[in-house]
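Peer 1: The following block contains the structure, expressed as structure tokens.
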2 protein chains.
Amino acid sequence: MLGYSRRDFLSAVGVSGGAGALFATMGALGLAPSAEASVKTAFDPPQPSDFSLTGRSAKKVVILGAGMAGLATAYELGKAGYDCTILEALDRVGGRNWTIRGGDRLTELNGSTQVAQFRDGVYLNAGPARLAQWMVTMDYCRELGVDLEVFTNSNAQAYIYHQNMPAPVRWRTAKADVYGYVSELLSRATDAGALDAELTTQDKERLITFLSGFGAVGNKASGFKYTGGSRRGYSVNPGAGEQAGTVLGPVPSLSEVLASGIGQRFSFEFGYDQAMLMFQPVGGMDAIPRALAGKIGRQRIRLRSTVTKITDLPDGVEVEYQDRHGRTHMIKADLCVAAMPPHLLAKTQHNLGTEIQAALSTPTVANAGKIGLEYRRRWWEIDEDIYGGITSTDLDLATIWYPSYGYGAARGLVVGYYNFGAQADAYAVLKHADRERRAVEQGMRIHGAKYRDELASSVSVAWNLQPHIEGAWVSWPSRQGAYQLLNKPAGRVYFAGDWLSHMIAWQAGALESARKVVTELHQRVLSAA
Amino acid sequence: MLGYSRRDFLSAVGVSGGAGALFATMGALGLAPSAEASVKTAFDPPQPSDFSLTGRSAKKVVILGAGMAGLATAYELGKAGYDCTILEALDRVGGRNWTIRGGDRLTELNGSTQVAQFRDGVYLNAGPARLAQWMVTMDYCRELGVDLEVFTNSNAQAYIYHQNMPAPVRWRTAKADVYGYVSELLSRATDAGALDAELTTQDKERLITFLSGFGAVGNKASGFKYTGGSRRGYSVNPGAGEQAGTVLGPVPSLSEVLASGIGQRFSFEFGYDQAMLMFQPVGGMDAIPRALAGKIGRQRIRLRSTVTKITDLPDGVEVEYQDRHGRTHMIKADLCVAAMPPHLLAKTQHNLGTEIQAALSTPTVANAGKIGLEYRRRWWEIDEDIYGGITSTDLDLATIWYPSYGYGAARGLVVGYYNFGAQADAYAVLKHADRERRAVEQGMRIHGAKYRDELASSVSVAWNLQPHIEGAWVSWPSRQGAYQLLNKPAGRVYFAGDWLSHMIAWQAGALESARKVVTELHQRVLSAA
């Protein structure tokens, strides 16, 4: 290494060859895991020594929005001593990362208001609710000391319910039946020689051996028959003494299983972003923005400060904003990072030009909705042995989520719908009481009368109606043109957010975008003439 | 109900019709969940009013063993005021439910000793480590106020490693490849008409639609080809700006996937007893026996008291035992519940007859082993994005478990092997240092040099060498004869334990067995002339 520090060496490789080269090199040095090169994007946060080495100094930066991208930008720049100020229109940090607790007030754009009545210890993560292990959000939690616990994205005990089915079935039962019949069919076809063009004799043997276990099907003599079994579950559990248990029956026919469409739910949990295990901060998702805000310093964050005008100047950026009393203020900085949703930036006065304005108006805004149903009793645990997880339906509530915290406590909160697009719009136009009524009526089809009778309180969020957010996320018609334009600074104004990443609607997208902007901005400051 | 209380009515139905009839009736009354009748075994704990109503009184009961069955017996009988005493040979309660923490001493039958060096907050559940949601153990945790968290039995980020493979693969990658090829093959066979005898035209369409999503395979024009995709994972993650991510490649051939045998690991997680979600008590599995002991009253539990003789008499039971000083004591009670392992009861002097003695010697004892490897750094999280879960191998370590607690903490404990039978025996005969060396050498094939270099301390358990336990669990040649005999009292001596249930090696088996014995014993006391 001849005088290079490990960090210098790695960062030199990183600069010339990109993240792939960096991690290949780390692997060769024995620093990366042996099983697989690291898949993470390299990031070296700015640090004070970067200035002492170059003779340059930290700049003043104004950041628009205290969502995850804005907070991460201030946090990372702050490590090197940048003088950051965040302007945030809401009275809290986090943006869509929003945990609602008892006493919290929700006001929608039309003026309607709810006040959450949840008991202590009960909360709703109204926005992001789950973290995949590979996402940088996990690393931020470690760095910030945010405690994590499993988010229960999949549960064999939860249900699948389609309206064409006589009753909900548990995921475990659905899998047993689908995998059983798939194994029966493929074993027969293989054994009959239908796949001889693609399979060697040894392949065939191995495939049939695999299917025998995968589907728990009978042997060749039985025609590889699927006839159910303990994976379906039990109608009477195995117990003591003579109680061997009674396997759940009867087994539906192959045609019934195919007609139900249950199998089409399975691929959800194979997704790179949705596969278990997933995680959540203990006590609410807003532990992350709160921790970031604490590190940044609350005095740097101006809440209830709505940006009204952005002016890019030859020597800096001027941002005009209104405070909670409607008074107008001006802040000037060397650089600006606009970490607001694009559709809100598009409504904000600025001098960044028509091409930028057109680009900001390009993405399509999507809606999403959630209702939190607080129950007086954790009937899903006590009556149905469901400790977390998600029931998937073809009702317009889409999914029912059982809580990933507070197991065995007195009360608990079920997410009664989490839906998007047209389904979310259908609930958004209703008053809260009607949203609740509709969600409960539908949920009763799965859980019966207790779903209505034991309800204690509820809160619903329609993201398109949330002031200063006005949408759940955006989508791009293409990653060319507008997307590329906004991924570069407009003069002294940078843009950041999940909407400028390939992980839209994930906090990790916002964090990666912030890191990219921080790196570019810092590089500009370090290399400025 | 004409004067019947709900409880009276239900228990009358329960008596005549068994648990199935009971729950069918509850369903009809609207007391059971709508989606599915409850699968739980009915249990009404004895209560003081049972005596006031019958004019009979609680008896004195001596319980042999403070494992889960013995503790649950004393706890449930205690609810009605029975005067219980537990004799326990070890210096702790819980039996095989054993959580090892720093400072704990392990002595094996051959006299070799280990003292755990784990830091605060690091522990090993040496025996049972996971609870299925449907098991009665969950209900005991609720009743006892034992906090629960997810036990990470499956994780898409953990590995499968077979010695015939060039490198470990993550579970998510293995599933993508196996399900991809299975879908390709079955789609082709179906489309070619190979299954026309069993599938209608509509079935075929639905099956192909399902397989398209299940395997993420191409359309008919492409030959339903599986060509990999994002479910495999990424070699460079999706990120900000232009970083769309690089999907992990190359995709192995169908023959390679079949030859690897990875697919044969999948059915583990379909098991009724192993499917996620699973749970563990916060802070260690021994929270359950500790809570039970607290409810029973520690003064009723005589630790380091080894039973040496059981004498069934016309008017009671006499039990002789040795205390920690080798002094012999005698305790007399009305009834006895022997909740010790059968192979240890078989070595204990008694007057229960030769048939009982033969029955106690009938089951076969199985061995199991575990090693807890404490690391100075949570490299599995930091380097490999693995937050919990299990790596499955065909090495003699069988499985590697990443911890389900302490995410993001400084240190952590990996279970370096959990194996049984011949594999466990192979480790049991080694000294602890050699067990550690062997486990680490093998684990390095998956995790590289850090698996050795960052190790802080370790503890290993060979269950066949644990004094007063001498095995992990037993198996029965049949559920006739000896099993049936011991499921009835021998005079005034009842037997209880997981070994007398259909859930051997599960705490729930011990608990259900205890409930059965409690019910029978209480019934006898209530109906005694």
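Peer 1: Suppose every K and R has +1 on its Cβ and every D and E has -1 on its Cβ; what is the size of the dipole of chain A about the Cα centre, in Debye to the nearest 20?
Peer 2: Details: 54 positive and 51 negative charges, 193 e Å.
Here the size comes out at about 920 debye.
Peer 1: Taking a cut-off of 28 Å, what percent of all Cα-Cα pairs in chain B are separated by more than that?
Peer 2: On the way: 87250 of 139656 pairs.
Taking all Cα-Cα pairs of chain B, the fraction more than 28 Å apart is 62 percent.
Peer 1: If packing is taken as the average count of other Cβ atoms within 10 Å, what order do A:204-211, A:299-306 fall into, highest mean first? Can you show the working numbers first?
Peer 2: Numbers: A:204-211: 20.0, A:299-306: 17.0.
Going from most to least packed, we get A:204-211, A:299-306.
Peer 1: Please list, in chain and number order, the residues 5+ apart from A:A240 or on another chain whose amide H is under 5 Å from its amide H, with Hs placed from the backbone.
Peer 2: When sequence neighbours closer than 5 places are left aside, the close amide H contacts are B:H502.
Peer 1: Just checking the output field for B:405-412: average partner chain Cβ neighbours within 10 Å of each residue's Cβ?
Peer 2: Numbers: counts 1, 2, 12, 11, 3, 0, 0, 0.
Taking the mean over all residues of the peptide, I get 4.
Peer 1: Between segment A:435-483 and segment B:456-529, what's the alpha-carbon centroid distance in Å?
Peer 2: Measuring centre to centre over Cα atoms gives 49 Å.
Peer 1: Check the straight Cα-Cα distances from B:K79 and name the lysines below 29 Å, setting aside those fewer than 8 residues away within the same chain.
Peer 2: Answer for B:K79, where 29 Å is the Cα cut-off: B:K40, B:K59, B:K60, B:K295, B:K309, B:K332, B:K488, B:K516, listed by chain and number.
Peer 1: Order these by the 10 Å Cβ neighbour count, fewest first: B:W476, A:W134.
Peer 2: Details: B:W476 17, A:W134 26.
Least to most surrounded, the residues fall as B:W476, A:W134.
Peer 1: 222 nm [θ] for chain B, helices only, -39500 (n - 2.57) per DSSP H run of 4+, per residue, to 500? Intermediate results must be reported in sequence, preceding the final value.
Peer 2: On the way: 16 runs with 173 residues, N = 529.
Computed ellipticity for chain B at 222 nm equals -10000 deg cm²/dmol.
Peer 1: Oh, and also: Report, to the nearest 10°, how far helix B:6-28 tilts away from the longest principal axis of the Cα atoms in chain B, using its own Cα long axis and a range of 0 to 90°.
Peer 2: With both axes taken from Cα atoms, the answer is about 20 degrees.
Peer 1: Moving on to the next point. 7 Å along Cα→Cβ for the label point: how many nanometres lie between B:K225 and each equivalent label in the other copies, listed shortest first?
Peer 2: 4.0
Peer 1: For the protein assembly as shown, give me the percentage of DSSP beta bridges that are antiparallel, rounded to the nearest 5 percent. Can you show the working numbers first?
Peer 2: Values: 108 of 146 bridges.
Of all bridge pairs located within the protein assembly as shown, approximately 75 percent are antiparallel.
Peer 1: Can you pull the one-decimal nm distance between simple spin-label points at A:Q484 and A:S527, each 7 Å off the Cα toward Cβ?
Peer 2: So the two model labels end up 1.9 nm from each other.
Peer 1: Another question, if that's okay. Using amide H atoms built 1.01 Å from N in the peptide plane, name the residues 5+ places from A:V247, or on other chains, whose amide H lies under 5 Å from its own.
Peer 2: It is A:S235, by chain and number.
Peer 1: Put a label point 7 Å from Cα along the Cβ direction on B:T201, then list its distances to the equivalent points in the other copies in nm, shortest first.
Peer 2: Between copies, matching label points for B:T201 lie 4.0 nm apart.
Peer 1: Over chain A, what is the relative contact order in whole percent, taking alpha-carbon pairs under 8 Å and six or more residues apart?
Peer 2: Values: 1018 pairs, mean separation 103.2, N = 529.
Value for chain A: 20 percent.
Peer 1: I'd like the distance separating the alpha-carbon centroids of segment A:127-142 and segment B:194-273, in whole Å.
Peer 2: With segment A:127-142 and segment B:194-273 each reduced to a Cα centre, they are spaced 26 Å.
Peer 1: Could you give each residue of segment B:301-309 its phi-based ³J(HN,Hα) in whole Hz, using Karplus coefficients 6.51, -1.76, 1.60 with θ = phi - 60°, and x for Gly or Pro?
Peer 2: Each residue's phi maps through the Karplus curve to give 10, 9, 7, 6, 10, 9, 5, 10, 6 Hz.
Peer 1: Kindly put A:C336, A:C141 in sequence by how many other C-beta atoms sit within 10 Å of each C-beta, fewest to most.
Peer 2: Values: A:C336 30, A:C141 23.
If I rank by nearby Cβ atoms, fewest first, I get A:C141, A:C336.
Peer 1: Also, quick follow-up: Straight-line reach from A:K204: which lysines fall under 26 Å, measuring Cα to Cα and dropping same-chain residues less than 8 apart?
Peer 2: Here the lysines satisfying the reach criterion relative to A:K204 are A:K175, A:K220, A:K225, B:K175, B:K204, B:K220, B:K225.
Peer 1: Then there's this: How much length, in nm to one decimal, is gained on full extension between B:D323 and B:E454, taken as 0.36 nm per residue of separation minus their Cα-Cα distance? Intermediate results must be reported in sequence, preceding the final value.
Peer 2: Details: separation 131, 0.36 × 131 = 47.16 nm, distance 4.28 nm.
Stretched out fully, the B:D323 to B:E454 stretch lengthens by 42.9 nm.
Peer 1: So if I place +1 on the C-beta of Lys and Arg and -1 on the C-beta of Asp and Glu, and nothing else carries charge, what would the dipole magnitude of segment A:163-260 be about its Cα centre? I want it in debye, nearest 20.
Peer 2: Numbers: 10 positive and 9 negative charges, 58 e Å.
Dipole of segment A:163-260, to the nearest 20 debye: 280 debye.
Peer 1: Using alpha carbons only, how many degrees (0 to 90, rounded to 10) separate the axis of helix A:507-527 from the longest principal axis of chain A?
Peer 2: 30 degrees
Peer 1: Moving on. Give me a comma-separated list of calculated 3J(HN,Hα) values for segment A:62-79, in order, Karplus coefficients 6.51, -1.76, 1.60 applied at θ = phi - 60°, integers in Hz, x for any Gly or Pro.
Peer 2: Once θ is set to phi - 60°, the couplings for segment A:62-79 become 9, 10, 9, x, 9, x, 4, 5, x, 5, 5, 4, 5, 5, 6, 5, x, 4 Hz.
Peer 1: Can you list, shortest first in nanometers, how far B:S57 lies from the same residue in the other copies, with each label 7 Å from Cα toward Cβ?
Peer 2: Once sorted, the set of distances for B:S57 reads 9.1 nm.
Peer 1: I would also like to ask the following. How many angstrom lie between the C-alpha centres of segment A:302-378 and segment A:59-89?
Peer 2: 14 Å
Peer 1: Give a residue-ordered list of calculated ³J(HN,Hα) values for segment B:452-461 (Karplus: 6.51 cos²θ - 1.76 cosθ + 1.60, θ = phi - 60°; whole Hz; x for Gly, Pro).
Peer 2: 9, 6, 9, 5, 9, 6, 7, 9, 10, 10
Peer 1: Among A:T152, B:T99, B:T519, B:T137, rank each residue by its count of other Cβ atoms within 10 Å, from fewest to most, as a rough exposure measure.
Peer 2: Numbers: A:T152 26, B:T99 22, B:T519 17, B:T137 29.
With the fewest neighbours first, A:T152, B:T99, B:T519, B:T137 line up as B:T519, B:T99, A:T152, B:T137.
Each reported figure results from applying straightforward, stated rules to the coordinates on display, with no laboratory input. These numbers were taken from a predicted model, which means no experiment stands behind them. Heads up, the Cβs are rebuilt from the backbone with ideal geometry, glycines too, and the neighbour counts pull from every protein chain shown.
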